[in-house]
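Notes follow once the structure below has been shown.
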Amino acid sequence: MKSTSAAPRGWLLLLYSLPAKKTASRVSLWRKLKKIGAYALKTSGYVLPDEPAHLERFQWLVQQVRDDGGDATLARVTEIEGLNSEDLARMFNEARAADYAALTKAINQLIAANRRKLADGFVDAIEKLNRQFQELRAIDYFACPAAHDVEMLLQRAAALSEPRRNSPAVLEVERFQRRIWLTRPRPEIDRVGSAWLIRRFIDPRAKFVFAPKPGAHPDAIPFDMMDVEFTHHGDDCSFETLLKRFAITDSAARRIGEMIHDADLEDGKFQRPECIGLDLLMKGWARLGLSDGEILEKGFACFDALHAALRRAG
């Protein structure tokens, strides 16, 4: 099914009960519900967006429950236990975010184990992780933002098996003045940090817009997105890419780059945990409903303070 960020108008609710001794049937049903991405409201209640493909899936499961001696009810609803569609869509995204986090951990472990020398079976391992990612995307019904981060991380892992390329030419900041810069909504540590770096060292009058794909603003300069110039490359996060492409030598900014790298990529490369707390703040601001622009504004203040402290410390 194609993912969408919009909440549906209706939902399918599956309620069921099975005899206590039907343990194997419970496990089989649970696995099938998990595979199709149904959200568990209670022990025996599951929900999916109201769409024809999901209706058919639930109808088959209703029949399975009844064949196993249980009872099942399938209903169309607009609200469940006081939760509106936006609440339910957010809960689906939180569930997918947890799945993506587990996959991120596995990818980071693979990268760490193969950074110096590729082990036998590395390519097979990448293919397996890619398959797991595609399986998650298939049940990511509301375009969870974490999917993009995993996709970029997989791209970074795959690059380990490619020949090293020469460093691209340094860019002149004069060519990037008074521009519009584009990144993904719900910015976190790398995106907020990169925007701060752009405003502080590259384009002081930069304006920022947000969209899931670069095509939404064709005249803007995209960053921290898939298949664009200013994004993750090799072992670098987007902040580090910008540091290198614009030859920013400010020592405090470069130390912030190490902190953002460790918070964003979670690989412990620099052993600099200082920005992990900032990343949690930015995630929290999003949960509190702050707009993307407000998150940038608050994040800029944090990075200004961090930069000042690092410069003072030398």
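How high is the FRET efficiency from Lys34 to Ala119, r the C-beta distance, R0 25 Å, rounded to 0.05?
Values: r = 31 Å, r/R0 = 1.22.
The value I calculate is 0.25.
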Check: Helix 146-159 versus the longest principal axis of the chain: what angle, 0 to 90°, nearest 10, using Cα atoms?
Finding: 60 degrees
Note to self: Between the stretch 229-271 and the stretch 53-94, what is the separation of their alpha carbon centroids in Å?
What the structure shows: 44 Å
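Magnitude of the Cβ-charge dipole of the chain, K/R +1 and D/E -1, about the Cα centre, nearest 20 debye? Walk me through the numbers before you get to the answer.
Values: 47 positive and 44 negative charges, 61 e Å.
Its charge dipole is roughly 300 debye.
Could you tell me the relative contact order of the chain? Use alpha-carbon pairs under 8 Å, at least six residues apart, and round to a whole percent.
Details: 419 pairs, mean separation 47.5, N = 314.
Answer for the chain is 15 percent.
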Next item on the list: Work out, step by step, the length gained on full extension between His217 and Arg66: first 0.36 nm times the residue separation, then minus their alpha carbon distance; give nm to one decimal.
Entry: 49.2 nm
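Let me know the shape class of the stretch 1-85, please: from the alpha-carbon gyration tensor, a ≥ b ≥ c as square roots of the eigenvalues, rounded when a/c is under 1.5, otherwise prolate if a/b is greater than b/c, or oblate.
On the way: a/c = 2.09, a/b = 1.75, b/c = 1.20.
It comes out prolate by the Cα gyration axes.
At a 1.4 Å probe, what is the % contribution of carbon and sulfur to the accessible area of the chain? All intermediate terms of the calculation are to be shown ahead of the outcome.
On the way: 8770 of 16980 Å².
Summing carbon and sulfur atoms, their accessible area is 52 percent of the total for the chain.
How would the stretch 239-314 be classified by its alpha-carbon gyration tensor: rounded, prolate or oblate, with rounded meaning a/c under 1.5 and the a/b versus b/c comparison settling the rest? All intermediate terms of the calculation are to be shown ahead of the outcome.
Working: a/c = 1.70, a/b = 1.47, b/c = 1.16.
The shape class here is prolate.
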Check: For helix 23-35, what angle does its Cα long axis make with the longest principal axis of the chain, in degrees from 0 to 90 and rounded to 10?
Finding: 40 degrees
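Using DSSP to define loop residues, name the GluC sites (Glu not before Pro) in the stretch 1-90 whose beta-carbon has at most 12 other beta-carbon atoms within 10 Å.
The qualifying sites are Glu79, Glu81.
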Notebook entry, point to check: For the stretch 1-95, which trypsin sites (Lys or Arg not before Pro) are both in a DSSP coil and crowded by at most 12 other Cβ atoms within 10 Å?
Noted result: Lys2, Arg9, Lys21
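Are there GluC sites (Glu not before Pro) in the stretch 256-294 that DSSP marks as loop and that have at most 11 other Cβ atoms within 10 Å, and which are they? Mind dumping the intermediate values first?
Working: sites: Glu258, Glu266, Glu274, Glu294; in loops: Glu266, Glu274.
Taking the stretch 256-294 and a limit of 11 other Cβ atoms within 10 Å, no loop GluC sites (Glu not before Pro) are found.
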Notebook entry, point to check: On full extension of the chain, what length is gained from Ala247 through Glu135, given 0.36 nm per residue of separation minus the C-alpha to C-alpha distance?
Noted result: 36.3 nm
Checklist line | Rule-of-thumb Rg ratio for the stretch 182-314 [Cα; 2.2 N^0.38 Å; N residues] | finding: 0.98
Notebook entry, point to check: For Arg178 and Ser291 in the same chain, what is the full-extension length gain: residue separation times 0.36 nm, less their Cα-Cα distance, in nm?
Noted result: 38.4 nm
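The values are calculated or read from the model by the stated rules, or taken from the named source; none is laboratory data. Values in this document were obtained by computation on a predicted structure and should not be read as measured data. As a convention, Cβ positions derive from the backbone with ideal geometry for all residues, glycine included, and neighbour counts pool all protein chains shown. Areas reflect the complete protein model, heavy atoms only, side chains present, ligands, DNA and RNA absent. Shrake-Rupley method; radii C 1.70, N 1.55, O 1.52, S 1.80 Å.
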